[in-house]
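Trainee: Okay, handing you the structure first.
The values are calculated or read from the model by the stated rules, or taken from the named source; none is laboratory data. Remember, predicted model here, so these are calculated numbers, not experimental data. FYI the Cβ positions are ideal-geometry reconstructions off the backbone, even for glycines, and counts take in every protein chain you see.
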Amino acid sequence: MPNVYMVDDPSGANTYIIVDDGVTLIDTGMGKNAPKVLAEMQGLGFGTKDIKNIIITHAHFDHYQCLAQLKKGNSARVMVGGEDADVVEGKVPMPLPRGGMGLLFRLLKPMIRIRSVPVDVRLKDEDMVDVLGGLKVIGLPGHTPGSIGLYQPQMKLVFSGDAVGHRKGQLQVPSQYKENPQKCKAAMKRLSELGAEVMLPGHGTPIRPNASEQLRTFYQGLLKK
């Protein structure tokens, strides 16, 4: 996709770099991801000071742990779905998954350092972000209360966060967190109706071509289970 880059071998979630009057980052990944993001930017001819916006698709640490590192040395606007913004700002704790995964995270929590960062823009459904000719905010609650996607209709491109994963050519339901399973399915349904050709997920590889159509088939299969 023109002016859209994906950081290789990310630590944590995927980080996407948009070049458009400076740099916009979609998610930042975990702590060790910052040098990888900066190296990718340097290869494109940009430095830390060129970061204009950092958009976090949802407040799980694998998507924003190194946010504070990438906010240093610039005046980038931090943009987060409104219902997740208090987690990023450190006002409320990040929700933990249930079951065995939740127990594991509770044990690891003392070793996971997350610096709170002020949120400049609390995004809501249907908002527009002035990047790539206009990114439309798509509210995708379910994975977290404030999960969002970002859709560029002319490019038929959507950043889908953790509403769906894609590994080894297979669509997947992200299993670590399911804050609301019914809303997770509704989020997939909404993405499947966008008509996107390319979907850039929070984990795994790009979904293309006919991304929304692929997701529609996957979603309909889930309803039968």
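Trainee: Surrounded by 13 or more Cβ atoms within 10 Å (Cβ to Cβ) and within 25 Å of Ile56 (Cβ to Cβ): is that true of Gly195 in this structure?
Mentor: Spelling it out, it is not the case that Gly195 is surrounded by 13 or more Cβ atoms within 10 Å (Cβ to Cβ) and within 25 Å of Ile56 (Cβ to Cβ).
Trainee: Same structure again: Select from the range 152-188 the residues that are basic (Lys, Arg) and at pLDDT below 95 and list them in ascending order.
Mentor: Scanning the range 152-188 gives Arg167, Lys168, Lys178, Lys183, Lys185.
Trainee: When you go through (1) in contact (Cβ under 8 Å) with a residue 24 or more places away in the chain; (2) surrounded by fewer than 21 Cβ atoms within 10 Å (Cβ to Cβ) one by one for Ala211, which number turns out not to apply?
Mentor: Result: Ala211 passes all but (2).
Trainee: For the range 161-209, give me each residue that is of a type in the set (Ser, Thr, Tyr) and out of contact with any helix residue (DSSP H, G or I) (no Cβ under 6 Å at 6 or more places or on another chain).
Mentor: Of everything in the range 161-209, those that are of a type in the set (Ser, Thr, Tyr) and out of contact with any helix residue (DSSP H, G or I) (no Cβ under 6 Å at 6 or more places or on another chain) turn out to be Ser175, Tyr177, Thr205.
Trainee: From the set of residues in the range 1-18 that are farther than 15 Å from Cys66 by Cβ, in contact with an Asp or Glu (Cβ under 9 Å, 6 or more places away or on another chain) and in a loop (DSSP other than H, G, I, E, B), which is modelled with the highest pLDDT?
Mentor: Taking the candidates together, the pick is Asn3.
Trainee: Report the residue count in the range 119-130 for those that are over 23 Å from Asp62 (Cβ atoms) and either in contact with a helix residue (DSSP H, G or I) (Cβ under 6 Å, 6 or more places away or on another chain) or surrounded by 13 or more Cβ atoms within 10 Å (Cβ to Cβ) (or both).
Mentor: The number of residues fulfilling the criteria is 3.
Trainee: Now for a different question. Taking interchain pairs and intrachain pairs at least six residues apart, which have beta carbon atoms under 6 angstrom, with the first residue in the range 107-118 and small (Gly, Ala, Ser) and surrounded by 10 or more Cβ atoms within 10 Å (Cβ to Cβ) and the second assigned to a loop (DSSP other than H, G, I, E, B) and modelled with pLDDT of 75 or more?
Mentor: Ser116/Glu89; Ser116/Gly90
Trainee: Name the one entry in Gln182, Gln214 that is more than 25 Å from Pro2 (Cβ to Cβ) and of a type in the set (S, T, N, Q).
Mentor: Gln182
Trainee: Moving on. Which pairs do you get when a residue that is among the acidic types (Asp, Glu), found in the range 10-26, comes within reach of a residue that is buried (at least 19 other Cβ atoms within 10 Å of the Cβ) and not in a strand (DSSP E or B), reach meaning Cβ atoms under 6 angstrom, with the pair 6+ apart or on two chains?
Mentor: Asp20/Val131; Asp20/Leu132
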